[in-house]
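Please read through the structure below; I'll follow up with questions.
Please treat every number below as a calculation from the coordinates, not as lab data. Keep in mind it's a predicted model, so treat the numbers as computed, not measured. Cβ atoms come from the backbone with ideal geometry, glycine included; neighbour counts cover every protein chain shown.
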Amino acid sequence: MRSLARTLENRLLRDIVLVCLAVGVIGLSYGAVAVTSGFAWWFPALTGVLVLAASSEFLFVGIIAAGGSPIAALLAGLLVNARHLPFGLAVHDVLGRGRRGVLGTHLMNDETVVFALAQDEPERKRAAYWLCGLGILICWPVGAALGALLGSAVRDTDALGLDAMFPAVILALILPALQDRPLRRTALAAAALALTVTPFLPAGLPVLLALAALPLFTLRTRKKATP
Amino acid sequence: MSDTAVSDAVPLPPTLAAMLALAAGTFLLRLAGPALRARYTLPERAEKLLEVSAVLLLAALATTSALTEDQAFTGPARPLGVLAGGVLAWRRAPFLAVVLAAAGTTALLRLAGVP
C-alpha cells in the first residue's frame, strides 16, 4: 500500500482518497435504502464486498423491494455489469497475476478503470488502479453498513441530493479524457444514444448500446490520420 | 421505499442465492476481458479503440444516471446538481468541491420544491 502511494504524486493521491470517500457516502445512501426496503443490515454490506459494483446493487435491491423476482434482479444486475467485459479488455495490464490477479480483477469498477486510463506510464496506471480499488473495497461496504445502521436517520436520502454524487463523480473523472475533440464528440453521441433508448430498454442495455457510437471515432480519427 | 417491508423476511434464501449468483457472474464478466487478452494480442489501434470504448460506456453511464430513474426523467434537481459539479470540474476545482456542489445543489433545489 505504501509503495503504491509513493508512486503517485499528491494531487492524484488526494483525488483517489476523495473518490473513495464519495463512494463511501454513496454507500451510506445504499445501506439506508436497502434497510428501509426491508433488508437485514448485513445484506448491503455483504453485497458491497462480494459484488462490489454500486449501480447493479442499487438495482438488485430496488427490484426485490418493488416485489420483483430474484431471477429478474439477478439478470438486471448482470446486464448492468456487462460493461466490465470491455473494461477488462482495456485495463488488462494492471490486474496482476495468480492470486493477486483474482483480487485485481475483483477491484475492477467504473472509478478504478478511469483512474487507470488517465495515467500514462504502466507503473502509475497500476498504482492508481490498486490504490483506488482497495480504497473502494473498504469504503463501499463500510459506508453501506453504516448507512444500514443509521437507516432511520438518513431515511430520506433524496433530500440530501446524494443521488447526484455518482454521476458527478464519473463525469469529473472522464472530463480530462474528453479534452480530445474526436473523443468528446463521439462521447456526446454515445450519451445521446443511450439516453434516447433508455425509456424502451431494460436498465444496463442503453449504456452498452452507447458503444454503437464507436465508428464515429474511427471515422474522425482515420480522416485525420490519412495525409 | 416500501413501508410494508418485513425486516426479518428479506433476504429470503432465493434472494440470497440470486445475490451470490450476481457476485459470481460479475466476477466472470470482469475476468472475461483479461482472459481474452491473454490469448490474443491486439494491434495498437485496437488498444486505443478499447480505451475509447471504456470512456464511451462511462459517458453514457454518467448521462443516464444523471437524467433518468426507472426509465423516466428524474426531474430537474438531480441533473442540475450534476451540471453544477461538472462546471466546477471543468474549471479544475478540487474534487471534493465537485462532489459537494453536485449533492448540495440537488438538495437545495429539492428543498425549494423542485422534484
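Going by how many other beta carbons lie within 10 Å of each one, how would you line up B:69, B:44, fewest first? Provide the component values of the computation, followed by the final result.
Working: B:69 14, B:44 7.
Least to most surrounded, the residues fall as B:44, B:69.
On average, how many beta carbons from a partner chain sit within 10 Å of the beta carbon of a residue in A:70-76? Don't skip to the end; give the middle numbers.
Numbers: counts 11, 4, 1, 6, 9, 4, 1.
Whole-number average of other-chain Cβ neighbours for A:70-76 is 5.
Residue A:196 to residue A:159: FRET efficiency via 1/(1 + (r/R0)^6), r the Cβ-Cβ distance, R0 41 Å, to the nearest 0.05?
Details: r = 30 Å, r/R0 = 0.74.
Step by step, r from the Cβ atoms, then E = 0.85.
Can you give the FRET efficiency to the nearest 0.05 for residue A:9 and residue A:188, using r as the Cβ-Cβ distance and R₀ = 41 Å?
In this case the efficiency is close to 0.85.
If you bin the C-alpha pair distances of the range A:180-227 every 5 Å from 0, what whole percents do you get?
Per 5 Å bin, starting at 0, the Cα pair percentages come out as 5, 24, 26, 17, 12, 8, 5, 2, 1.
Calculate one ³J(HN,Hα) per residue across the range A:63-70 by plugging θ = phi - 60° into the Karplus curve 6.51 cos²θ - 1.76 cosθ + 1.60, and present them in order as whole Hz with x for glycine and proline.
5, 4, 5, 7, x, x, 7, x
Counting only other chains, and only Cβ atoms inside 10 Å, what mean value do you get across the residues of B:102-109? Walk me through the numbers before you get to the answer.
Values: counts 12, 11, 3, 3, 9, 6, 1, 2.
If you average over the peptide's residues, the count of other-chain Cβ atoms is 6.
While we're here: How do B:68, A:47 rank when sorted from fewest to most other Cβ atoms within 10 Å of their own Cβ? Intermediate results must be reported in sequence, preceding the final value.
Details: B:68 19, A:47 29.
Result, fewest neighbours first: B:68, A:47.
Averaged over its residues, how many other protein chain Cβ atoms are within 10 Å of peptide A:9-21's Cβ atoms?
Values: counts 0, 0, 2, 0, 0, 3, 3, 1, 2, 6, 3, 0, 3.
Other-chain Cβ atoms within 10 Å of each residue's Cβ, averaged: 2.
Can I ask one more? What is the fewest-to-most order of B:40, A:30 by other Cβ atoms lying within 10 Å of their Cβ?
On the way: B:40 7, A:30 27.
The order, fewest Cβ neighbours first, is B:40, A:30.
Mean residue ellipticity at 222 nm from the helices of the protein assembly as shown, using -39,500 (n - 2.57) per DSSP H segment of n ≥ 4 over the full residue count, to the nearest 500 deg cm²/dmol?
-23500 deg cm²/dmol
If each of residue A:71 and residue A:21 carries a label point 7 Å out from its Cα toward its Cβ, how far apart are those two points in nm?
Taking the simple label geometry, residue A:71 and residue A:21 are separated by 4.6 nm.
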